[in-house]
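Student: Sending over a structure as structure tokens; questions will come in a sec.
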Amino acid sequence: MASTFSKELALKPILMNDFQSQWNIVRENVLAAVERVGQSGWLILGNEVNQFEKQLAEYCGVKYTIGCASGLDALEISLRCLGLKPGEKVLTTPLSAFATTLAIIRAGGTPVFVDVDENGLIDLPLCRKILQEMPELRFFMPVHLYGHAISLEKLSELKEEFNLRIIEDCAQAIGAQSANKYVGQVGDVAATSFYPTKNLGCMGDGGAILTQNETIYNHAKSLRDYGQTAKYEHAYLGLNSRLDELQAAILNSALLPKIKEFTSQRKMIADRYLTNIKNDLIKIPQPPHNSDSIWHLFPVLIKQNREEFQHYLKSLHIQTSIHYPKIIPEQAALKEGSGKFVTATELKQAQYFADHEVSLPIHPYLSDDEVERVVIACNAWRN
Ligand SMILES: *Cc1c(COP(=O)(O)O)cnc(C)c1O
């Protein structure tokens with residue numbers, strides 16, 4: 001079986017992210033955006049950021065968005081807007097980008113880790129149990145990991161029942177829906193990132209805060225700009241975390257107009273993987289119930305010999321990566337005993353993902369043949 005495809009198909013590398021292909025698609029609109037900003041003579045917090053914030057709010061189904069410098073800052077600003085006090089606990093997942101936890105610590109909070117479910121997203125029934133056991137918990141920062149929407153209905157119920165302040169980390173799932181609600185609509189506030197690998201990335205760093213609440217909107221706008229409420233009036237000790245006019249212009253003209261097309265491409269590829277990858281040694285975690293996922297990543301679980309699987313795909317010129325090779329509380333920066341975090345449950349499932357997960361390429365510029373190559377390679381592994 002392997003010999004029929006290995007030589008003729010395994011030529012062009014299949015990348016996890018293909019920014020050169022993206023450039024060919026967006027080039028003209030990016031150059032026009034740069035020209036527009038240059039001509040305008042206005043480089044920070046102007047028309048482009050305003051326009052982008054309005055369009056992003058419309059896309060996300062929220063009232064307000066606030067552009068800022070990164071996803072990390074968007075999360076930190078969100079927590080500060082909700083009045084997190086030093087040492088206060090924030091329920092969160094051990095399986096995410098490190099930035100999720102880092103934002104909690106930077107905002108002065110203490111992360112409380114609860115395990116993920118068998119599909120890698122924070123286990124909401126387990127969260128409920130912990131919320132009952134730890135009545136002091138007021139803050140919850142769930143992550144819509146891999147482009148999936150965790151159940152917004154269940155999130156809403158938890159919010160009610162425990163009077164929680166919720167910050168949705170939407171960096172991997174902007175535009176995803178759960179039972180016809182968009183991620184970011186249930187939390188008091190939500191955050192996203194325009195890091196280039198994200199579904200809606202820019203050409204550098206950027207992020208945004210999403211909210212339905214006008215008070216939070218004004219507070220976040222102030223915090224991103226030194227805590228200014230008017231020129232040279234500082235009501236808060238804020239950050240310098242502004243989204244550049246250039247990045248906003250590029251998002252406005254080149255990337256946001258493409259997001260629907262790119263997303264449907266990702267969904268189509270995910271459908272093909274879900275239907276056609278058939279190998280008992282490869283388990284495909286399922287999206288949460290009711291999730292209309294945007295497939296930021298396509299995770300699979302390799303029961304045994306993960307490293308060998310990755311080497312095998314690499315020999316066929318198929319790149320893969322791991323999300324994430326270490327659970328967050330195992331990171332050196334959070335070493336046990338430092339009192340920086342609380343582990344509320346065993347983290348067995350999260351550890352299982354750290355030990356067995358592999359992400360397959362799913363960027364929107366993959367050709368049909370390339371998707372086919374990945375499917376054939378997966379199906380032929382050890383068969
Ligand atoms: C990328 C990411 C972040 C951080 O975003 P940056 O813009 O890189 O700071 C936070 N949370 C999640 C889940 C992410 O994937």
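Student: Over the range 142-195, what relative contact order in percent results from Cα pairs under 8 Å that are six or more residues apart?
Tutor: 40
Student: Along the Cα→Cβ direction, 7 angstrom out, place labels at Asn180 and Asp368. What is the inter-label distance in nm?
Tutor: The two pseudo-label positions are separated by 3.4 nm.
Student: Ratio of alpha-carbon Rg to the 2.2 N^0.38 Å globular estimate for the chain, to two decimals, please.
Tutor: It is 1.00.
Student: If you don't mind, another one. Which whole-number percent gives the relative contact order of the range 92-184, counting Cα pairs below 8 Å spaced six or more residues apart?
Tutor: Relative contact order of the range 92-184: 25 percent.
Student: Based on the mean of other beta carbon atoms within 10 Å per residue, what is the order of 233-244, 148-159, most packed first?
Tutor: Per-residue mean Cβ counts within 10 Å order the peptides as 148-159, 233-244.
Student: Hey, quick one: spin label on Glu233, modelled 7 Å out along Cα-Cβ, who in the range 36-62 has an amide N within reach, i.e. under 19 Å?
Tutor: none
Student: What residues of the range 231-246 lie in the reach of a label at Arg36, counting those whose backbone N is under 12 Å from a point 7 Å from the Cα along Cα→Cβ?
Tutor: 246
Student: Within the accessible area of the range 176-285, what % is carbon and sulfur when the probe is 1.4 Å and the other protein chains stay in place?
Tutor: Details: 2280 of 4810 Å².
Ligands and nucleic acids excluded, carbon and sulfur reach 47 percent.
Student: Between Gln331 and Glu133, what length comes free when the chain is fully extended (0.36 nm per residue of separation minus the Cα-Cα distance, one decimal in nm)?
Tutor: Net length gain for the segment: 68.7 nm.
Student: Can you run phi through the Karplus equation (6.51, -1.76, 1.60; θ = phi - 60°) for the range 268-274 and list ³J(HN,Hα) in whole Hz, with x for Gly and Pro?
Tutor: 5, 5, 4, 4, 5, 5, 4
Student: Moving on to the next point. Can you work out the FRET efficiency for the pair His289 and Tyr59, with r the C-beta to C-beta distance and R0 = 22 Å, to the nearest 0.05? Write down the numbers at each step before the final one.
Tutor: Working: r = 24 Å, r/R0 = 1.10.
Efficiency, rounded to the nearest 0.05: 0.35.
Student: Need the C-alpha centroid separation for the range 94-116 versus the range 196-257, integer Å.
Tutor: The range 94-116 and the range 196-257 have Cα centres separated by 22 Å.
Student: log₁₀ I(q)/I(0) of the range 35-146 at q = 0.15 Å⁻¹, via Debye over equal Cα point scatterers, no solvent, to two decimals?
Tutor: Each listed q corresponds, in turn, to -0.77.
Student: I would also like to ask the following. Using θ = phi - 60° and the Karplus form 6.51 cos²θ - 1.76 cosθ + 1.60, what ³J(HN,Hα) does each residue of the range 20-37 get, whole Hz, x for Gly and Pro?
Tutor: Going residue by residue, I get 6, 4, 4, 4, 4, 7, 9, 3, 4, 6, 5, 4, 5, 5, 5, 4, 4, 5 Hz, with x marking Gly and Pro.
Student: Which of the pairs Lys129/Lys340; Lys283/Lys348; Lys221/Lys258; Lys63/Lys159 have their Cα atoms more than 25 Å apart in this structure?
Tutor: Flagged as over cut-off: Lys221/Lys258.
Student: I want the antiparallel fraction of DSSP beta bridges within the chain, as a percent rounded to 5.
Tutor: The antiparallel fraction comes to roughly 60 percent.
Student: Using a probe of 1.4 angstrom, how much of the accessible area of the range 9-141 is carbon and sulfur, in percent?
Tutor: Whole-percent figure for carbon plus sulfur exposure: 54.
Student: Set the Förster distance to 25 Å, then compute FRET efficiency between Met16 and Asn379 from the Cβ-Cβ distance, nearest 0.05.
Tutor: Efficiency computed from Cβ-Cβ geometry: 0.80.
Student: How much mean residue ellipticity at 222 nm does the chain get from its helices, if each DSSP H run of length 4 or more adds -39500 (n - 2.57) and you divide by all residues, to the nearest 500 deg cm²/dmol?
Tutor: The helix contribution divided over the chain gives -12000 deg cm²/dmol.
Student: Ok, one more. Applying the Karplus parametrisation 6.51 cos²θ - 1.76 cosθ + 1.60 with θ = phi - 60° to the phi angles of the range 100-112, what ³J(HN,Hα) value in whole Hz is obtained for each residue in order, glycine and proline being reported as x?
Tutor: Per-residue couplings from phi come out as 4, 6, 4, 4, 4, 5, 5, 7, x, x, 10, x, 10 Hz.
Student: Residues of the range 193-347: accessible area per residue at 1.4 Å, in Å²?
Tutor: 49
The values are calculated or read from the model by the stated rules, or taken from the named source; none is laboratory data. Everything numeric here is computed off the predicted structure, so don't read it as measured data. Every residue, glycine among them, receives a Cβ derived from its backbone with ideal geometry; neighbour counts consider all protein chains shown. These accessible areas exclude ligands, DNA and RNA; they are computed on the full protein's heavy atoms, side chains included. Shrake-Rupley method; radii C 1.70, N 1.55, O 1.52, S 1.80 Å.
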